[in-house]
Amino acid sequence: MKWRLVLMAGVLAAMAVSTASAAPITQSFSFSATDFRNYHTREPVTAPDPIVRGSFGITYDDTWPLYQRNITPNFVNVEIAGVSYGLDDVSSQVSVNYTYVGNLPYYNIVLGGLDLDANGIGRGSDDFLLRIIINTDGTIRPSTFRYTTLATQIVFEAMNIELGEATAVPEPSAASLLAFGLLGIGSFLALRRLSGREEHTISAGVLKHCSPDQA
């Protein structure tokens, strides 16, 4: 009986460890873009929305090397000059590029591009482009933010982009499996303690029955 319980505990522990190590990770980020200029003339301008704020999220498996993590955007929340954008409203492009020095891989994530594609925006439309770089060491930094509006013929480019990172969390399905594994281990430990108490009670009963002084 004991070896079966030990085997069950080993299986549940292995499930918990494998689930924890292979769980997809979701990271959420907030950003703000300020100090705009005319993208084509490079001259400072007063943008219709001088401070653009938004957020986005990505999902990936951090057990793989950086260039094999299959990073995918999972949400976008941006508002510019009264126009709101979600993931269904924008294009996205994720590519692996390599540095000139050392030929090291990095991810190039682009969000936006309603009229053209994720790498371009056209003047005289409600559109934006956000480019994020994931470096070889896993750090994430903003690279580019531009936007246009229907009321203008200018592509506004931010000279200052700040990126805030939220805590990375496992996907809910993976977290549930991990909780199930830990619950199973807890149940095994409780069952083992109960089994030990039952054996002790039975042994004590046998001794009492066989003692001639207590017959």
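Since SER28 meets every condition but one in (1) at pLDDT below 90; (2) buried (at least 16 other Cβ atoms within 10 Å of the Cβ); (3) more than 18 Å from ARG146 (Cβ to Cβ), which condition does it not meet?
(1)
Residues in the stretch 36-47: is at least one modelled with pLDDT under 80 and small (Gly, Ala, Ser)?
No, the stretch 36-47 has no match at all.
Considering only the stretch 57-71, state which residues are at pLDDT below 85 and part of a strand (DSSP E or B).
TYR60
Please indicate, with yes or no, whether at least one residue in the stretch 126-143 is hydroxyl-bearing (Ser, Thr, Tyr), part of a loop (DSSP other than H, G, I, E, B) and surrounded by 14 or more Cβ atoms within 10 Å (Cβ to Cβ).
Yes: the stretch 126-143 contains one or more residues that are hydroxyl-bearing (Ser, Thr, Tyr), part of a loop (DSSP other than H, G, I, E, B) and surrounded by 14 or more Cβ atoms within 10 Å (Cβ to Cβ).
Pairs needed: first member in the stretch 20-49, of a type in the set (Asp, Glu); second member anywhere, in a strand (DSSP E or B) and at pLDDT 90 or above; C-beta distance under 7 Å; at least 6 residues apart or different chains.
ASP35/ALA158; ASP35/MET159; ASP35/ASN160; GLU43/ARG37; ASP49/ILE80
The values are calculated or read from the model by the stated rules, or taken from the named source; none is laboratory data. The model shown is predicted, which means the values in this text are computed figures rather than measured ones. No Cβ is skipped: glycine too gets one built from the backbone with ideal geometry, and neighbour counts run over all protein chains shown.
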